[in-house]
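The values are calculated or read from the model by the stated rules, or taken from the named source; none is laboratory data. In this text the structure is predicted, and so the values were computed from the model without any measurement. As a convention, Cβ positions derive from the backbone with ideal geometry for all residues, glycine included, and neighbour counts pool all protein chains shown. Note: accessible area is taken over every heavy atom of the protein model, side chains too, but ligands, DNA and RNA are not part of it. Shrake-Rupley method; radii C 1.70, N 1.55, O 1.52, S 1.80 Å.
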Amino acid sequence: LVDTSDSKMSILKPNMDTNKSNIAGKVVILCVLLTTAFCLPRVDTLLKESPNKLGATIDNSFEDILRKPSECTDQSCPSGAYFIEGGNGEELYAFGSLLGGPQSTMDHGMTDEYSKTRYAVLVGEGTYKMPGPFKLGYYTQVTGVADNRELVNISPGIDVLNNCGKSGDPNCVAPGGLDNFWRSISNLKLDISELGHPLFFGVSQASPIRDLTITGNSILMCDINQYGQCGYTSGGFISGIEIDANIELGSQQQFYVTQSKFQKLTAGAWNIVSNNNQGGYEGGGDPNVHNTWSEYPLTETTSEVHLKAPKLVLEENVWKVVTDKEKILVDDFIVLSLGSNESPTVVSEELIQQINEQLMDGAKGVIVEP
């Protein structure tokens, strides 16, 4: 949620008459795929004209950009936002496994560290019982689109495993999860009781976890190889988890956990920040440096300022954007469809002009397709 009432601030770098350059009020920019650093922090870096690329376009409606998993094959799956509904666990598992690849530390699916494909998997209300967990890969967001996260129930889980292809050793410790960037999961309930072990989620930076309920076991923020070793990780961000067991930070070099409920938060490797959480901590700590456990620093804060990312919801077959203050019809937004597999996608000067004119005419913000 960006306040653009200050005439010195310009999100879209408009080339317009000075009497039109101030877009009053508040504008929501919602990237359907929230896991790419290009999207939210520096929108203007994409807005350069190039006649040699297809570039971005404005769609008439949000539903026009939604894709179905049936559009993909084993060899190809176009970038975009995919909608799965009705509690079809087999479909969710098959599609998730296509994107993320097999339960292997050596193989990727449709994305890898330097691929150009981007995916948002929007999961509708229902109970999705899958034959096994699927792996959350690069440039992929999985998010529930019910207003209440408890209404999107997925079992036995969604995991992130070590990335061992670079080392050639499927039991690698390094790089482990050090390169597991650019993915996210949000607004879901995960029942992981059938796994028989904690949920392995070996992510590093730019991989936020927001608004999850987890039942049946702990979440371990690394992946363990067959020798019981935790792959290296360097995260990370958790906000709004409710879990009936522990958050185990494992090998994490640093991590920020806020507004969450757990039985216990266990130590990572170095620097942990815990803000306004409910639950215990492992270890006694060094009172001279205000640590909760020996040797490694834990900073505890109690700030109640909680900035929530906007989210998409489907209520009674009507798509809405939910902020921390209101629900807004998706039809009130500009829907920006990006050129498939173009990186970066170019937004022309003419299209920038259209976007700004629609914002001044009352559009609530911009929804950006993967």
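Some notes on this structure:
- Accessible area, probe 1.4 Å, largest first, for residues D324, D59, D361: D361, D324, D59
- Residue pairs exceeding 19 angstrom between C-alpha atoms, taken from K135/K189; K129/K261; K129/K189; K129/K264: K129/K261; K129/K264.
- For I84, net neighbour charge (Lys/Arg +1, Asp/Glu -1) across residues whose Cβ lies under 15 Å away: -3
- The Cα atoms of the stretch 87-229 define a convex hull whose projected area, averaged across directions, is 7.6 nm².
- In the context of the full protein assembly, T323 retains an accessible surface of approximately 20 Å², using a probe radius of 1.4 Å and ignoring ligands and nucleic acids.
- Between L66 and Q263, the contour length at 0.36 nm per residue exceeds the alpha carbon distance by 67.1 nm.
- Computed from the C-beta positions of V318 and D361, the FRET efficiency with R₀ = 30 Å rounds to 0.85.
- For the set S260, S76, the ranking by accessible area, highest first and with no ligand, DNA or RNA atoms included, is S76, S260 under a 1.4 Å probe.
- Mean Cβ neighbour count within 10 Å, used as a protection proxy, ranking 305-315, 179-189 highest first: 179-189, 305-315
- Packing rank of 328-334, 171-177, where each peptide gets the mean count of other beta carbons within 10 Å, highest leading: 171-177, 328-334
- For K327, the aspartates and glutamates whose Cα comes closer than 15 Å to its Cα, not counting residues fewer than 8 places off in the same chain, are D147, E315, E316.
- Reachable aspartates and glutamates, given that their alpha-carbon falls under 20 Å from the alpha-carbon of K166 and they are not under 8 places away in the same chain: D107, D112, E113, D179, D223
- Charge dipole (the stretch 39-198, unit charges on Cβ, about Cα centre) - positive-most of P170, G96, N60: P170
- Residue-level accessible surface for M130, protein heavy atoms, 1.4 Å, Å²: 10
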